[in-house]
Amino acid sequence: MEEKKVAVVTNPNAGKNTPRAGLGKVIASILATPRWTYNPETLGALEETAKQLSSARPDILVIAGGDGSVHQTLSKVLLEHERTPGTPLPQILVIPIGTMNNLATTIGLTRHPAVKLAEFVAAKIHENRPLDVTHLSPLKINDEYGFLYGTGLPVNFLQKYYEDREKRGAKRALKVILATLGNEIAALVTFRKSKQILTRPVHAKITLPDGNEPPVAPFMTHTGILCASIDQVGLGCRAMPDARSKPGCFMLRSTHLSFWGLAMSLGALWVGLPLPATFDAVVPHLTIDYQEPTIATVDGDMKPPRTCDIITCGPTVSFITG
């Protein structure tokens, strides 16, 4: 068998302030075909990398990073693929070295340390053994691709989470949650209005393929809106359980639960059960119109405020799982 051409794209900032920081170079040394390592530090450099990859046509594209790295890299690669439709897509191997690795967790890539995973797959490639793969379609949000879209609660959480640029990961997430809990308890005790740190609402109309939208009125109040083609939303929370239940579709979940309603439903949310006051649907596409310009997040990256987002199911991508 002909030796596979393996390209590695690394994010130099992935896993910053965690033990995984700097592992991208190690991953590249294990997996990359000589001179097929790319280390883009800006979106412009990443766009140029996508053009080079389209021309080079590797058999396997390795992305060493977290969810944001996968989102940005895959967006550029798939958009370049759209411009040259005859170009076959490479198989994708994600080596999870970010602070959040929701895609990797969903497809089972976090069971082994990143370097061990890279060594295991590299051995199979060098010995021409068959690779295990799974097929997954990202969301297409307007003109980019990702796996987890959210607004309302997800944006409110990430804005607080990103306030401390030096500390990331589970401890930082827990600190944000505890600070919110303290604020909500203080509001109850003093009979003051909650600051709604995490539950500051958004007003949106969601239009589904059959013409029906979640109840009741246009621009209804939502605590949070999520769309996903993966079931994980962070820290092991399986909040989007039906995301992969139907090929060519993704899951929508919108809710108007208050902070205490969410707190009471946390166990069910964590293991992927239905929630009260929550609208769930599995759809191939939808449109979200906002009453005013609203920030959304795609795989942890904050997007500029917009009044409309069109979300569809992207092409099927082959992901290597072992």
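Of K124/K171; K76/K195; K25/K171; K171/K195, which pairs sit farther than 29 Å apart, going by alpha carbon to alpha carbon?
Among K124/K171; K76/K195; K25/K171; K171/K195, the Cα-Cα distance tops 29 Å for K124/K171; K76/K195.
What percent antiparallel are the DSSP beta bridges of the chain, to the nearest 5?
75
Please give the length that would be gained between T307 and N142 if that part of the chain were fully extended, namely 0.36 nm times their separation in residues minus their C-alpha to C-alpha distance (nm, one decimal).
58.2 nm
Residues of region 59-79 with amide nitrogen under 16 Å from the 7 Å Cα-to-Cβ point of E47?
Counting backbone N atoms under 16 Å from the label point, the list is 72-79.
Near the amide H of L93, under 5 Å away, which other amide H atoms are found, from residues 5 or more places off or on another chain, if H is placed in the peptide plane?
Amide H to amide H, under 5 Å and 5 or more residues apart or across chains, L93 pairs with L61, V62, I63, I320.
For T221 and N128 in the same chain, what is the full-extension length gain: residue separation times 0.36 nm, less their Cα-Cα distance, in nm?
28.1 nm
Given the protein chains as shown and a 1.4 Å probe, how many square angstrom of E41 are accessible, to the nearest 10?
Accessible area, nearest 10 Å²: 150 Å².
When the Debye formula is applied to the Cα atoms of the chain, each taken as the same point scatterer, what base-10 log of I(q)/I(0) results at q = 0.08, 0.09, 0.11 Å⁻¹?
Values, matching the q order: -0.38, -0.47, -0.70.
Points 7 angstrom from Cα along the Cβ direction at L266 and T316: gap in nanometres?
4.0
If a/c stays under 1.5 just call it rounded; otherwise compare a/b with b/c (prolate if a/b is bigger, oblate if not). Do that for region 22-145, with a ≥ b ≥ c from the square roots of the Cα gyration tensor eigenvalues.
rounded
So, in nm, how far is label N39 from label L273 when the simple model puts each one 7 Å beyond its Cα toward the Cβ?
For the pair N39/L273, the computed spacing is 4.9 nm.
Net charge near V271: determine it from the other residues with C-beta under 14 Å of the C-beta of V271, scoring Lys and Arg +1 and Asp and Glu -1.
Around V271, the charge tally is -1.
As a test question: what accessible area, to the nearest 10 Å², does W36 have when a 1.4 Å probe is rolled over all protein chains in place?
Its heavy atoms expose roughly 50 Å² to the probe.
Find the relative contact order for the chain and round it to a whole percent, using C-alpha pairs within less than 8 Å whose residues are 6+ positions apart.
This gives 20 percent for the chain.
Pull up the DSSP beta bridges for region 1-153 and report the antiparallel fraction as a percent, rounded to 5.
Rounded to the nearest five, the antiparallel share is 20 percent.
Got a sec to turn the phi values of region 294-302 into Karplus ³J(HN,Hα) couplings, 6.51 cos²θ - 1.76 cosθ + 1.60 with θ = phi - 60°, whole Hz, x for Gly and Pro?
With the stated coefficients, region 294-302 comes to 10, 7, 10, 10, 10, 6, x, 8, 6 Hz.
Would you please name the trypsin sites (Lys or Arg not before Pro) within region 86-125 that are DSSP coil residues with at most 15 other C-beta atoms within 10 Å of their C-beta?
Sites meeting the loop and neighbour criteria: R111.
The values are calculated or read from the model by the stated rules, or taken from the named source; none is laboratory data. Here the structure is a predicted model, which means the values were calculated and not measured. A quick note on method: Cβ atoms are made from the backbone with ideal geometry, for glycine too, and the neighbour counts reach across all protein chains shown. Quick note on the areas: whole protein, heavy atoms, side chains included, nothing else; ligands and nucleic acids left out. Shrake-Rupley method; radii C 1.70, N 1.55, O 1.52, S 1.80 Å.
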